Amino acid sequence: MDASLSLLWQYVFSPANIVGLIAFVLVFCLLQQYAWHQTYANIPPGPKPWPIVGNFGGFLQKNTE
């Protein structure tokens, strides 16, 4: 049983499989970034966020509409 696990470990974690997995993850991340950019490229910019607090101050302002 130990030999079969060693053989499986050798094929699963071979350098070719690791390089293929890294290439797949890299291509997947690039495609996700491209799709996100295409979706949100035409929206207007939001309010400028404050450091640390973010846009929380906008929730505290009175709504004038």
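Taken together, the values in this text are just the output of simple stated rules run on the coordinates, not laboratory data. This is a predicted model, so every value here is computed, not measured. Virtual Cβ from ideal backbone geometry, glycine too; neighbours counted across all protein chains shown.
Could you put I18, I43 in order, starting from the residue whose Cβ has the fewest other Cβ atoms within 10 Å?
Listed from fewest to most nearby Cβ atoms, that is I43, I18.
Contour minus end-to-end for F28 and N42, with contour as 0.36 nm per residue of separation and end-to-end as the Cα-Cα distance?
Contour length minus the Cα-Cα distance gives 2.7 nm.
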